[in-house]
């Protein structure tokens, strides 16, 4: 497909478990973003990559959250020792260039439920 | 601050009528203002965007207006159709986007 692909679509984990969420951006897109969307709210920024470099991680809620994009394409968001408040939809977006003010194209997200 | 205020939170419109959603912001440095449509179980879909050097942009039934002096921008949907029913989010920023709280738009046939 031509769009941003995220997997899994749904993830259920017990509190305390570690989870890994995957994002395949649009091919050739330089910039990649992760957002967290709580129920009934707008997406909230977590972190931003330009190629493999993580340029902004100011939105990561705690040091339990870690993101990487080692080859400048696929990205993984990892959450360690999950807690109930981590339950949300995690959205990935990509944009073509390195500069700002460009359209961000979103995937359909991973819905994470922590029991 | 960073917040974007979006109003109304819910909007119900008769099919064929127009819908208007407004957002205000406080960060003077913002130069990019996208609008997204989100359907249930899907990711946000970009429907239109505007940059700060432009006051208005139109794409078929959808238009966005920007008043940088007053720091507000609005989404206008004309001739609404049932498939326009969704949650709409405004955003502002450069790389990092800050979103409003969303407007649930319902088009009544």
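From zero up to wherever the largest Cα-Cα distance of segment B:1-58 sits, split into 5 Å bins and tell me the percent of pairs in each.
Calculated P(r), rounded to whole percents: 4, 12, 19, 26, 23, 10, 4, 1.
Residue separation times 0.36 nm, minus the C-alpha to C-alpha distance between residue A:115 and residue A:22: what's the value?
31.4 nm
Please report the orientation-averaged projected area of the protein assembly as shown, defined via the convex hull of its C-alpha atoms, in nm².
So the Cα hull casts an average projection of 12.3 nm².
One-quarter of the Cα convex hull surface for chain B, in nm²?
So the mean shadow area of the Cα hull is 6.5 nm².
Between residue B:28 and residue B:15, what length in nm is gained on full extension when 0.36 nm per residue of separation is reduced by their alpha carbon distance?
Difference between extended and current length: 1.0 nm.
Highest GNM mean-square fluctuation, chain A, Cα pairs closer than 10 Å: which of A:31, A:58, A:87?
Of A:31, A:58, A:87, the most mobile in the Gaussian network model is A:58.
Quick check on the exposure proxy: order A:69, A:22, B:92 from fewest to most C-beta atoms within 10 angstrom.
Going from sparsest to densest Cβ surroundings: A:22, A:69, B:92.
Using a/c under 1.5 as the rounded threshold, could you call segment A:4-115 rounded, prolate or oblate? The axes a ≥ b ≥ c are square roots of the C-alpha gyration tensor eigenvalues, and prolate needs a/b larger than b/c, oblate otherwise.
prolate
If each of residue A:14 and residue A:39 carries a label point 7 Å out from its Cα toward its Cβ, how far apart are those two points in nm?
The modelled label-to-label distance comes out at 2.3 nm.
Specify whether the C-alpha gyration tensor of segment B:25-80 places it in the rounded, prolate or oblate class, a ≥ b ≥ c being the square roots of the eigenvalues: rounded for a/c under 1.5, otherwise prolate if a/b is larger than b/c and oblate if not.
oblate
May I ask you to sort A:74, A:89 by Cβ crowding, counting other Cβ atoms within 10 Å and putting the fewest first?
Ascending Cβ contact count within 10 Å gives the list A:74, A:89.
Could you list A:94, B:52 so that the one with the fewest beta carbons within 10 Å of its beta carbon is first and the one with the most is last?
B:52, A:94
On the principal axes of its Cα set, how long, how wide and how thick is segment B:57-109? Give whole Å, largest value first.
Principal extents (Cα only, largest first): 36, 21, 19 Å.
Go ahead and run the numbers for FRET between residue B:69 and residue A:54, Cβ-Cβ distance against an R0 of 41 Å, rounding to 0.05.
It comes out at approximately 0.70.
Just so you know, all these numbers are worked out from the coordinates, no wet-lab data involved. No experiment lies behind these values; they were computed from the predicted model shown. Positions of Cβ are generated from backbone atoms using ideal geometry, with glycine treated the same way; all protein chains shown enter the neighbour counts.
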